[in-house]
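Inspection log for the structure reproduced underneath, given as structure tokens.
We did not get these values from a lab; they are worked out from the coordinates using the rules stated. Values in this document were obtained by computation on a predicted structure and should not be read as measured data. When we count neighbours, we look across all protein chains shown, and the Cβ atoms used for this are built from the backbone with ideal geometry, even at glycine.
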Amino acid sequence: MNFKLILNIALHLLRARLKQTIVAAVGVTFGIAMFITLVSFMNGMNDLLDGLMLNRTPHVRLYNEIKPSENQPISYAKKYKDNTNFISSVKPKDRGKAIYNCKSIIYALKQDKRIIDVAPKVTTPVFFNSGTIELSGVINGIDVLAEEKLFKISDYIIDGKVPDLLQNNSIIIGKGLANKMLLQKGDIIKVTTSKGNLSSLKVVGISQIGIADIDDAMSYTSLVTAQKLLGEPTNYITDIQVKTYDITTAPALAKEFKEKFDLDTIDYQTTNSQFETGSSIRSIISYAVGIVLLIVAGFGIYNILNMMIFEKMDSIAILKATGFSGNDVKWIFISLSLVIGLAGGLFGLLFGYILSSIVDIIPFNTAALPTIKTYPINYNPMFYIIGITFALITTFIAGLFPALKASKIDPVEIIRGK
Amino acid sequence: MSNKVLETKGLSKYFYDPVKFEVLKSINMTINHGEFVSIVGKSGCGKSTLLYLLSTMDTDYEGQLFIHEELITGKLDKELAQIRNEKIGFVFQFHYLLSEYNVLKNVMLPGMKLNKLSEEEIEHNAMEHLRTLDMVDQALKMPNQLSGGQKQRVAIARALINNPLIIMGDEPTGNLDKKNSDLVFDIFNKLTIEKQQTLLIVTHDTDFAKRTNRTITMEDGKIIS
């Protein structure tokens, strides 16, 4: 088959009906542009929201959960082994919140090739004293550098700097807490632990995560400060946070560590399952809208090609009489459709890019996300590849049926009908 | 190679709508190289139907059709298209020029489809054919700028472009006035004499038919002389 000639004929047919061709191509352009914009925007949003959780949440967290012993003393008694035992009023066992032998666990985890890094943490409930009023809150004693590396906490610090936490007895408090207690950077805050220890800490920063419940109660200090506050030694760690290279391995790793270190573990997927659902639903919606738009454009192309074939019966008849086979005629109309799809699709990509760039500079200020100033857009080239592929597939299918019809036209009927 | 360009053996054709009706009744005919043959007959005698069977465009018949001693009956659509492209030139009552292309491109199109010569050679041949038909001046015009007689001459040039074995015409002068009809006849006649071009023309114009080498007369689906 002589594709150059076929394409040439297709282009001449198109040029003869330029207006309709443009209308058909604009349909595709519109569909693709909207698809690109929507998908870029939705994915930008997804990334933002995922990042919100993902950046702050460890992929695997190792800790000691307060829970009753699984094996109560009676189950060790051989005498009652075959009996069914009912125990009422079981109380949780105090194993202490501290992770036993944490130094060697951290060392072992740091050697693991699958893990980016490990950040130990001390979490403890405290009271913040403001005059006679006591506000309950939580202090996170963090390994400042590791925490910053893994969880980018500086993104949520609206006043002050994270490295200032390295100073002795310094604290970064949540914005809600600061507002309630009228505290600013540089002020001193009094803290009482649950065991009754009282100490004064200097506020070196204010953080805002955007979730009021957290901002009203959360504060950060360094590991050492937290340990001192609690009167515990430097090996007192309540949580080990792990970030992996491949987040999908988190559930498997969580299970592995649980057995290996005899600790409780929880993985990212379990903690944030609702976020995953939200993300995938947003993606599905944007793809569905894009595909619907393209199908509409496809019907437009189908109509225009059908009309064109009706008008060009004579031309088709003579092409067949002079030696073009049904297959050649079919390819003339398919390539016609593909040209519309390709031209419309490429313009669609361009307009999609322009539209998403415009969305990208629209101001978007929200208390929840202090570092975000405009609407988020994800410029993943994959979307553009998917877009143009969609455009070509829909136009191919839209062109296929009229083309098959054209290929079946009987030239004798047309010529004798004259 | 034998002298027979076209041969039919027991060619029959039926129409089924509204009732089964035998249009062509076991036609046996031969056309030799260099002949200028016309088929005449009354309206409905089956002469056009016969031509379209011979043209390979209509494949719904019984019997056998040979072009250049080669059995054509039963070939695939693609092979038939190739045969039409290479061996048969068509001139119809209506010109069927593609309005999107200029005269020269219209003439070149079957040559481009055959794809045996380079574009320059095809263009050269097309210009030669247009020259013999006295249409060189119009080569770059669009078909809608030409008169009926001129369009028909372009159609003849298009039929000639691949140096076909045979040119088939279905009432090629049917739409033309006397002057243009004579012109077309002279062109055909010249082709036969100068280039030994085989021609098979269906017509109801008896003047036209009389002047050809051989006239086949048909009646009720049969050749009577």
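Ranked by how many other Cβ atoms sit within 10 Å of their own Cβ, fewest first, the residues B:Val19, B:Val103 fall in the order B:Val19, B:Val103. By how many degrees, 0 to 90 and rounded to 10, does the Cα axis of helix B:103-114 deviate from the longest principal axis of chain B? The two axes meet at around 60 degrees.
Calculate I(q)/I(0) for region A:107-193 by the Debye formula, one identical point scatterer on each C-alpha and no solvent, and give its log10 at q = 0.13, 0.18, 0.26 Å⁻¹ to two decimals. Treating every Cα as an identical point scatterer, log10 I(q)/I(0) equals -0.51, -0.87, -1.46.
Among the listed pairs B:Lys75/B:Lys190; A:Lys4/A:Lys312; A:Lys405/B:Lys87; A:Lys79/A:Lys255, those whose Cα-Cα separation exceeds 32 Å are B:Lys75/B:Lys190; A:Lys79/A:Lys255. Estimated translational diffusion coefficient (Stokes-Einstein, Kirkwood radius over Cα pairs, 20 °C, 1.002 mPa s) of the protein assembly as shown: 66 µm² per second. Kirkwood analysis of region A:208-260, using all unique Cα-Cα pairs, places the hydrodynamic radius at 14.2 Å.
Each residue of region A:69-162 gets 215 Å³ once the volume of the Cα convex hull is shared out per residue. As I understand it, the value is the acute angle between the Cα axis of helix A:273-311 and the longest principal axis of the Cα atoms of chain A; what does it come to in degrees, rounded to 10? For helix A:273-311, the angle is close to 10 degrees. With both labels modelled 7 Å from their Cα along Cα-to-Cβ, the B:Ser99 to B:Ser147 distance reads 2.2 nm. Note on A:Phe347, A:Phe310, B:Phe208: ascending count of other Cβ atoms within 10 Å places them as A:Phe310, A:Phe347, B:Phe208, the fewest first. With N counted as the residues of region A:260-337, its alpha-carbon radius of gyration over 2.2 N^0.38 Å works out to 2.30. Charge dipole of the protein assembly as shown (Cα centre as origin; +1 on each Lys and Arg Cβ, -1 on each Asp and Glu Cβ, all else neutral): 860 debye, rounded to the nearest 20. Inter-label distance, A:Phe86 to A:Asn327: 8.2 nm, where each label sits 7 Å from its Cα along the C-beta direction.
Counted residue by residue at 0.36 nm each, then reduced by the alpha carbon distance between them, the extension gain from B:Asn32 to B:Arg131 reaches 32.9 nm. Once both labels are positioned 7 Å from their Cα atoms along Cα-to-Cβ, the gap between A:Lys258 and A:Ala212 label points is 3.6 nm. Between 0 and 90 degrees, the angle of helix A:381-407 with respect to the longest Cα principal axis of chain A falls at about 30 degrees.
FRET efficiency for the pair B:Glu79 and A:Leu392, taken as 1/(1 + (r/R0)^6) with r the Cβ-Cβ distance and R0 = 25 Å, rounds to 0.20. Each Lys and Arg contributes +1 and each Asp and Glu -1, all at the Cβ; summed about the Cα centre of chain B, the dipole is approximately 280 debye.
Would you please state which residues of region A:216-256 a label at A:Gln111 would reach in this model, taking the label point 7 Å out along Cα→Cβ and a backbone N cut-off of under 20 Å? Residues passing the 20 Å test: A:240-245, A:253-256.
Cross-link partners of A:Lys180 among lysines, defined as those whose alpha carbon lies under 23 angstrom from its own and excluding same-chain residues fewer than eight positions apart: A:Lys161, A:Lys190, A:Lys202.
Please check chain B for the longest run free of trypsin sites (Lys or Arg not before Pro) that are loop-located per DSSP (anything but H, G, I, E, B) and have at most 16 other Cβ atoms within 10 Å. By the stated rule (loop sites, at most 16 other Cβ atoms within 10 Å), B:142-210.
Normalising by residue count, region A:323-418 has a Cα convex hull of 125 Å³ per residue. Chymotrypsin sites (Phe, Trp or Tyr not before Pro), restricted to region A:53-93: which are DSSP loop and have at most 13 other Cβ atoms within 10 Å? Sites meeting the loop and neighbour criteria: A:Phe86.
Exposure proxy shown here: for A:Tyr375, A:Tyr268, the number of other Cβ atoms within 10 Å sets the order, fewest to most, as A:Tyr375, A:Tyr268.
Computed over chain A, relative contact order equals 28 percent, with contacts defined as Cα pairs under 8 Å that lie 6+ residues apart.
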